[in-house]
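The values are calculated or read from the model by the stated rules, or taken from the named source; none is laboratory data. Note that the structure is a prediction, hence the values are computed from the model and not measured. Positions of Cβ are backbone-derived with ideal geometry, glycine not excepted, and every protein chain shown enters the neighbour counts. For accessibility, only protein heavy atoms count, side chains too; no ligands or nucleic acids. Shrake-Rupley method; radii C 1.70, N 1.55, O 1.52, S 1.80 Å.
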Amino acid sequence: MSTDAEEASEDRRKYEFRKVLEELEEFEGSGTQLVTIYIPEDRQISDVVAHVTQEHSEAANIKSKQTRTNVQDALTSIKDRLRYYDTYPPENGMVIFSGAIDSGGGQTEMITRTLESPPDPVESFRYHCDSDFLIEPLEHMMADSGLFGLIVLDRREANVGWLKGKRVEPVKSASSLVPGKQRKGGQSAQRFARLRLEAIDNFYQEVAEMADDLMVPKRHELDGILVGGPSPTKDEFLDGDYLHHELQDKVLGKFDVAYTDESGLYDLVDAGQEALADQELVEDKEQMEEFFENLHTGNEATYGLVPTRENLIMGSVDRLLLSEDLTEDVVVYECPNGHTEYETVERRHNTPDHECSECGEPAEVQEREDVVDHLMEIADQRGTETKFISTDFEKGEQLLNAFGGIAGILRYETGV
Ligand SMILES: [Zn+2]
């Protein structure tokens with residue numbers, strides 16, 4: 001699989017996650033009866049089953065008969081889900097939500113949702129039973145999931161590590177034998193200076209090797225590298241091209257940080273915040289620039305549900321641009337005279353009545369599904385790439401608000 005395809009499927013997975021989270025956020029249980037379980041990837045499934053079984057028997061002490069039944073039903077449903085897994089959960093772990101939710105009119109409905117392989121690893125096992133589902137840890141992961149390399153150094157010490165999403169991960173450190181500025185008696189000043197420069201050069205090489213070992217294998221996933229330290233160390237290090245050239249190209253900036261121990265990695269992330277945020281949006285910005293340019297100059301652009309859909313079916317769309325914050329379904333209507341029409345409806349709203357715009361007859365609902373699923377299925381069939389666009393910049397916000405969150409960059413002008 002190419003990197004682009006991997007990126008697209010990761011975007012897709014994030015979209016699915018957001019959708020489930022948004023759904024779960026809405027739910028409330030009457031009483032403490034919604035169960036959430038976070039399972040790290042190294043936790044044995046049999047351990048989790050044992051824990052759930054234990055909770056099930058403890059739930060027998062719940063006084064309210066209805067709450068007791070609901071909690072026990074939720075736990076049984078979770079155990080059923082766990083049967084699908086062998087020894088361990090999938091990579092990065094998983095989260096299971098289950099409970100009886102208020103479905104209006106005094107009715108309750110049992111729902112169970114499983115989210116596998118979140119963007120960041122589930123860090124610890126959590127069992128949570130409350131009147132709402134525990135979604136904050138997942139929301140936190142969704143906020144940001146880039147991978148950045150971190151290097152801090154001065155002439156005595158260096159640390160390298162990762163920024164994964166919002167998490168700083170120190171990995172390796174080195175310390176140098178560079179002598180201080182004071183020379184010992186009897187040594188010639190010239191010889192001392194030469195030895196000192198040699199020692200500094202050796203240390204820079206050692207730091208670069210340490211960073212190369214860590215980051216070169218990940219260079220295709222890497223969103224960028226930040227380098228920090230006092231002046232002029234970090235400048236000498238970068239200007240001297242010590243790093244592998246592919247890493248050197250990924251450096252987003254150099255930043256002043258006072259410490260070069262592990263805490264320096266955290267300071268570096270704070271100092272480089274703006275560069276990091278910009279980098280995350282670079283690709284999205286480029287896509288939107290291209291869309292607007294095509295729209296204004298050559299008509300090789302499309303937007304809105306119906307025209308974009310038609311272009312997709314024709315195979316004329318090079319890239320489908322969907323807003324990350326789309327929350328709509330597409331409804332397919334058909335009238336008695338066989339006219340088919342498509343409209344978008346907010347995901348949480350009921351399906352409205354519809355009159356055929358061609359003949360005025362009342363139309364029936366043929367189908368209702370997530371608009372992203374609907375369009376991406378056509379795009380996949382036609383070999384069209386899908387890009388999800390953030391709303392964290394002006395033109396991304398415009399895609400959502402002025403173009404309904406749906407647009408396309410065309411391969412050629414179609415007049416649709
Ligand atoms: Zn009609």
Binned at 5 Å from zero, the C-alpha pair distances of segment 66-113 give percents of 5, 19, 25, 20, 14, 9, 5, 2, 0
Plugging the Cβ-Cβ distance of LEU147 and GLU355 into 1/(1 + (r/R0)^6) at R0 = 35 Å yields, to the nearest 0.05, a FRET efficiency of 0.10
Semi-axes (Å, rounded, descending) of the ellipsoid equivalent to the chain per its C-alpha gyration tensor are 49, 34, 15
Rounded to the nearest Å, the spacing of the alpha-carbon centers of segment 272-350 and segment 199-217 is 45 Å
For the chain, the percent of accessible surface on carbon and sulfur atoms (probe 1.4 angstrom, ligands and nucleic acids excluded) is 43 percent
Phi-derived 3J(HN,Hα) across segment 328-336 with the Karplus relation (6.51, -1.76, 1.60, θ = phi - 60°), rounded Hz, x for Gly and Pro, is 10, 9, 9, 10, 9, 10, 9, 8, x
Averaged per residue, the 1.4 Å probe accessible area of the chain, protein heavy atoms only, in Å², is roughly 51 Å²
Under a 1.4 Å probe, counting only protein heavy atoms, GLU364 has an accessible area in Å², nearest 10, of 130 Å²
For ASP47 and GLU394, extending 7 Å from Cα along the Cα-Cβ vector and measuring point to point gives, in nm, a value of 5.2 nm
Sorted on mean Cβ neighbours within 10 Å (highest first), peptides 172-180, 280-288 come out as 280-288, 172-180
The number of Lys pairs in segment 4-143 whose alpha carbons lie under 26 Å apart, excluding pairs fewer than 8 residues apart on one chain, is 4
